[in-house]
Amino acid sequence: MVVSLIEAQKLNEYYQRTELFATTIIHIVGLGCLSAFIITMLFNINRFHIFPLITWQFGIFFASQQIFPIFSNYVPKWRCSPDEEFAKNCSAYLHCRSEVEFDQIYFHSAAMEFDWICGWSSYWATFFSQLQFAGVLIGTFTCGSLSDNFGRKPVALGAMTMGITASLLSAVSPTWQFLLVTRFFVGLAVGGTLVVVCTFVMESILAEQRMALRAFINWGVARLLMTVICYFFNDWRSASIACALFASPAILVIAFVLPESPTWLHYQGKLEEMRESEKRQAKIAGVEYVEVSHAPIVAKQGFKNIVRDIKLFKRISVLWLMWFVASFCGYAIDLNSSNISGDLFLNQVIFSILIAGSKIVIVTFDTLSEHFSRRFLHQFSQFVAIVCFLILTLLVFADYDGTWILVVNVIGTVFIEMSWDACYLCGVEVMPTAMRASTMGSCSLIARIGAIMAPVLAYMNAHWPPSAYLTVVLLGSLNLFVSYRGLVETKGINLDHVHIEEEEDAQRDPQEVVKMLSTNETKEPSKA
């Protein structure tokens with residue numbers, strides 16, 4: 001009878017959480033529709049453009065599986081006896097002769113289920129993240145190459161399908177070994193999503209809509225959605241299933257709505273198929289098809305061409321450091337955020353909302369202020385992050401565990417995210433057109449290496465709490481110095497002009513070239 005009452009209570013709680021989840025999703029969808037209406041009015045969006053934008057929101061939500069370890073590796077504080085305070089004391093955990101009592105359990109994680117808490121077994125939680133990031137690295141190159149040869153649509157569809165299937169399989173893992181294997185394939189699919197789905201979407205929307213995409217459909221929104229799902233499905237197995245199902249509409253849109261990228265078809269010389277794709281886009285948009293002329297295909301130049309030119313190599317070296325520091329520090333702080341005192345979900349909601357809001361602020365300032373330069377964006381963001389994490393280092397070293405840890409952490413994390421925006425913008429704008437693909441590919445590689453290393457920093461933090469924050473301060477200081485000395489200003493540069501001027505003036509100083517490009521754009525507005 002008692003067992004039946006307990007089961008009935010659990011079932012009732014499940015139905016209540018499900019009902020609340022459905023209500024929350026309806027509100028989120030409602031806000032999303034309102035945002036979509038605003039974007040439609042401001043950024044010349046027609047019916048067709050809505051589909052690639054929706055696809056990217058689901059795609060970036062799936063890509064947020066990279067930070068699912070915030071929840072899957074979550075471990076609350078514990079104690080061995082009632083007269084002790086709750087703390088993360090591994091000595092007490094390993095030598096406890098009675099049953100360990102945990103503090104309030106916000107989320108039932110894989111780390112708790114498989115006992116990845118203390119001792120050597122705790123490294124499996126770190127390896128869980130590293131293996132997934134290794135999958136992202138391999139998926140980035142594999143899927144990127146496949147999409148260049150076989151098309152954006154089939155590879156994007158394959159990557160999303162594989163990722164959602166692997167996520168569902170991970171939820172029913174009988175052993176931790178099987179779980180690690182499935183999460184590796186989730187990482188492979190995330191790598192494909194970040195490269196192929198992103199490229200597919202970017203090639204399907206207008207240039208002026210790309211800023212709207214970064215402002216309203218971003219990492220902060222995806223992180224908020226994941227937090228909401230993990231709140232209502234508060235164990236790692238059911239949360240994995242819910243996240244997979246929530247991302248699945250992207251498969252339907254890619255399979256049945258979006259045509260192949262006209263840009264890719266043009267690059268392949270399939271002009272008839274390109275026109276058919278453009279006609280389908282126009283039909284979905286409800287507008288009359290008008291044939292447009294396309295720019296000549298620019299031959300790509302490989303990595304060797306960058307290394308041979310000392311000026312270009314200096315530029316890309318600055319970019320590599322920027323991307324590595326942003327990735328390493330960003331993921332390390334994200335994975336460590338579950339250790340902050342307080343409500344796990346409330347903390348993550350605060351992180352998510354402020355990150356999402358910061359993207360809108362950046363786009364607003366970038367649009368309205370001519371003086372909001374790329375150098376200022378990166379260096380100011382990096383400086384504020386350094387100050388924040390220096391304060392955190394001192395607070396943690398002094399054994400402070402209050403509200404200010406969360407406040408300063410959130411501010412620092414938001415500015416690391418803002419430095420990410422500078423990395424992407426500079427990566428696209430600094431290098432000539434023919435070398436842009438090789439540049440972004442190498443920067444992505446460096447960022448993935450930083451991501452693979454980041455979980456180790458979170459693991460070290462369990463042994464010496466200030467280590468993560470102090471490392472961010474040291475790497476950030478180096479990054480700020482190199483950025484100040486070597487980052488070229490590129491705001492307002494026409495990307496086609498970067499190619500033309502670099503071809504003609506390869507021996508000029510990078511700063512002079514940028515000044516000349518800005519002058520050319522002023523003189524020749526018709527080419528902008």
* To do: Provide R374, R183 in ascending order of the number of other Cβ atoms located within 10 Å of each residue's Cβ, fewest first.
  => R374, R183
* Once amide H atoms are built 1.01 Å from N in the peptide plane, which residues 5 or more positions from W78, or in another chain, come under 5 Å H to H? -> A87, K88, N89, D103
* Separation between the S341 and A282 pseudo-spin-labels, each 7 Å from Cα along Cα→Cβ, expressed in nm? -> 6.5 nm
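Quote the relative contact order of the stretch 371-468 in percent (integer), defining contacts as alpha-carbon pairs under 8 Å separated by 6+ residues.
Relative contact order comes out at 32 percent.
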* Structure fact -> the stretch 89-193 -> Rg/Rh from Cα coords, Kirkwood Rh, value 1.14
* To do: Report the label-to-label distance for H371 and L168 in nanometres (one decimal), using points 7 Å from each Cα along the Cα→Cβ vector.
  => 5.6 nm
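Please report H266, H294, H95, H49 as a ranked list, fewest other C-beta atoms within 10 angstrom at the top and most at the bottom.
By the 10 Å Cβ count, ascending: H95, H294, H266, H49.
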* Just subtract the alpha-carbon distance of I310 and A87 from 0.36 nm times their residue separation and send over the number in nm, one decimal. => 75.0 nm
* Which order results if R315, R79 are arranged by neighbouring Cβ count within 10 Å, fewest first? -> R79, R315
* Asked: So what does the Cα-only Debye profile of the stretch 268-359 read at q = 0.12, 0.16, 0.24 Å⁻¹, as log10 I(q)/I(0), no solvent term?
  -> -0.85, -0.84, -1.22
* Cα-only radius of gyration and Dmax that characterise the stretch 168-249, units Å -> 15.3, 48
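With r defined as the distance between the Cβ atoms of R47 and H463 and R0 fixed at 51 Å, what FRET efficiency is calculated, to the nearest 0.05?
That gives a FRET efficiency of 0.40.
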* Over all distinct alpha-carbon pairs, what is the Kirkwood Rh of the stretch 306-491 in angstrom? -> 17.0 Å
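Bear in mind these aren't lab numbers, they're just calculated from the coordinates by the rules spelled out. Nothing here was measured: the structure is a model prediction, and the numbers come from that model. A quick note on method: Cβ atoms are made from the backbone with ideal geometry, for glycine too, and the neighbour counts reach across all protein chains shown.
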